[in-house]
1. Among what's in region 53-86 and is surrounded by 21 or more Cβ atoms within 10 Å (Cβ to Cβ) and of a type in the set (Gly, Ala, Ser), pick the residue that is farthest from Ile7 (Cα to Cα).
2. Among the residues of region 101-124, which ones are of a type in the set (Ser, Thr, Tyr) and either touching a residue at least 60 places away in the same chain (Cβ under 8 Å) or not in a helix (DSSP H, G or I) (or both)?
3. Report every pair of residues separated by at least 6 positions or lying on different chains whose Cβ atoms are under 8 Å apart, first residue within region 139-160 and in contact (Cβ under 8 Å) with a residue 40 or more places away in the chain and closer than 18 Å to Ile118 by Cα, second of a type in the set (D, E, K, R) and outside any helix (DSSP H, G or I).
4. Taking the criterion of being without any contact (Cβ under 8 Å) to a residue 24 or more places away in the chain and farther than 19 Å from Met22 by Cα, would at least one residue in region 59-78 satisfy it?
5. Of a type in the set (A, V, I, L, M) and within 12 Å of the chain's Cα centre (by Cα): does that describe Ile109?
Amino acid sequence: MIKVLFICHGNICRSPMAEFMMKDMVEKMGIKDDFYIASAATSTEEIWNGTGSTVYPPAQAELKRHGIGKTAYTDFSSKRAVQVTKADYGYYDYILCAESWNIKNTTRITGPDTEGKIKRVLDFSDHPRDIADPWYTGVFDKTYKDIDEGLKCFLKYLGY
């Protein structure tokens with residue numbers, strides 16, 4: 001089983017979008033049993049008294065626009081923001097961040113990336129780059145397209 005953790009700053013936009021977009025892809029490909037997929041934040045800004053915020057409504061709308069969330073496996077309605085932990089480094093095979101700052105902040109929590117597990121989602125693309133934060137840009141369709149590109153390239157990298 002390939003264990004993948006997606007990371008962004010607050011775990012309410014980019015990383016849950018990546019989590020549920022990848023779940024949708026692997027479910028449609030018939031390979032969901034090959035994966036364990038989750039997402040987390042580098043910050044605690046969206047976690048209050050131990051309870052994380054839900055997926056940001058415009059991110060939910062973007063996922064729904066693409067038909068994601070209709071199956072038990074891709075249902076994001078109960079997703080709550082959580083923070084990455086030091087233990088996550090040992091558990092996951094790939095820790096895929098939305099942007100370079102997320103890598104820096106993740107390694108502050110997990111320790112050094114001695115096994116080369118921490119990368120950006122779009123590092124697998126022919127055009128490696130950060131995924132712009134739609135919290136600031138408001139452009140969720142571009143974020144979706146960037147994540148889609150990165151996930152397709154990641155699955156190709158894995159041999160799927």
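Rule-based calculations on the coordinates, nothing more; no lab input. As the structure is a computational prediction, the values presented were derived from the model and not from experiment. When we count neighbours, we look across all protein chains shown, and the Cβ atoms used for this are built from the backbone with ideal geometry, even at glycine.
1. Ala59
2. Thr106, Thr114
3. Hits for this filter: Gly150/Arg120.
4. No: region 59-78 contains no residue that is without any contact (Cβ under 8 Å) to a residue 24 or more places away in the chain and farther than 19 Å from Met22 by Cα.
5. no
Here's the yes/no breakdown for (1) within 15 Å of the chain's Cα centre (by Cα); (2) among the small types (Gly, Ala, Ser):
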{"position": "Thr54", "(1), (2)": "yes, no"}
{"position": "Pro57", "(1), (2)": "no, no"}
{"position": "Gly67", "(1), (2)": "no, yes"}
{"position": "Thr114", "(1), (2)": "no, no"}
{"position": "Ser125", "(1), (2)": "no, yes"}
{"position": "Asp133", "(1), (2)": "yes, no"}
{"position": "Leu151", "(1), (2)": "yes, no"}
